Amino acid sequence: MKSRLASHDLPSKRASSFVERISHASTWHIAGAGILLYVAPVVVFTLIEIIFSLVGHPLVYSSEGPAKLIELPYFNLITIITIGYGDLHPVGWGRVFSVAEGLIGVGIFGLLVAALTTKLLSPRPNSVVFSRYAYYCTDEQRFLLIFVNTTNTPIVNVDMTSYFKLGGDWSVRPSIRTPFITTSVQTFHLDKEPLEEIVELLREGDVFRFGITGSLGLSTYSAAVQYHADKIVMIPNRNELISYEGFHSPDFRSVNISEMFHYQPPKSLTLADYVERKRKQEV
């Protein structure tokens with residue numbers, strides 16, 4: 001018997017789960033797919049019944065005799081959605097086809113209910129939005145993250161974790177637990193990382209990662225972001241950011257909010273530019 005504790009066999013290809021596929025699809029796509037799932041069997045069974053009728057072996061009857069060809073799509077539609085008014089009824093092989101069509105309809109209905117329930121209970125993918133840049137505050141020698149909860153309710157029971165790959169090695173920080181994240185813009189300081197050490201060890205491929213997980217409504221929501229050194233902006237401190245009143249109650253349509261949220265002072269250096277300049281000065 002194979003162990004269920006761990007799997008060591010690589011799959012032949014990457015696969016997405018049902019929940020992942022549904023979360024990435026829009027509600028309209030799901031509704032459209034549902035309509036197609038119902039229409040396709042109706043068309044197939046209608047064509048089969050038309051062929052049988054044309055060769056003299058009708059599979060569907062009414063009280064007046066063989067069903068008219070124009071009545072067959074209606075018969076198959078009420079069969080697949082398991083209504084069955086009784087004004088039309090199958091005979092012979094038509095009974096087999098009707099049973100199969102009814103089972104297909106039940107399966108489609110269950111699939112759509114599961115898909116729509118998953119979609120309705122899942123938070124929006126952009127419930128948390130991160131700034132285009134991460135920041136390194138030179139006064140405190142600490143990383144700074146800017147993100148915002150774009151929903152109308154706080155995210156509760158939040159865990160936040162950061163990782164910094166420096167010199168090819170990952171530095172894993174302890175996760176931070178907080179009761180909730182409000183709907184205001186967050187400017188979040190992380191652990192200290194000495195600038196001298198960054199200048200000495202930073203190399204291509206080093207990145208800073210941040211992840212957040214919490215409860216949003218009836219679901220658990222997770223979001224993560226990754227910044228390379230050319231997307232980490234050097235700033236003295238976050239004073240200008242935390243003094244911006246628009247962050248407390250952000251209007252996402254405001255140009256000022258967008259400029260401050262994706263903050264990049266004129267002539268500012270990225271961490272990659274700063275390290276390159278310092279190394280040239282040392283040579």
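Values in this text are rule-based calculations from the coordinates and carry no lab data. All figures in this text were calculated on a predicted structure; none of them were measured in a lab. Here Cβ is always computed from backbone atoms with ideal geometry, including for glycine, and neighbour counts include all displayed protein chains.
Number of residues in the range 151-177 that are surrounded by 15 or more Cβ atoms within 10 Å (Cβ to Cβ), in contact with a strand residue (DSSP E or B) (Cβ under 6 Å, 6 or more places away or on another chain) and either of a type in the set (V, I, T) or under 23 Å from N126 (Cβ atoms) (or both): the value is 7. The residues of the range 6-61 that are surrounded by fewer than 13 Cβ atoms within 10 Å (Cβ to Cβ), β-branched (V, I, T) and not in a helix (DSSP H, G or I) amount to a single one, V55.
Checking each residue in the range 193-219 for being more than 17 Å from I155 (Cα to Cα) and either among the hydrophobic types (A, V, I, L, M, F, W, C) or touching a Phe, Trp or Tyr at 6+ places or on another chain (Cβ under 9 Å) (or both) picks out E193, L195, I198, V199, L201, L202, D206, V207, F208, R209.
Consider the range 228-283 and keep the residues that are farther than 22 Å from V128 by Cα and of a type in the set (S, T, Y). The one that is surrounded by the fewest Cβ atoms within 10 Å (Cβ to Cβ) is S268.
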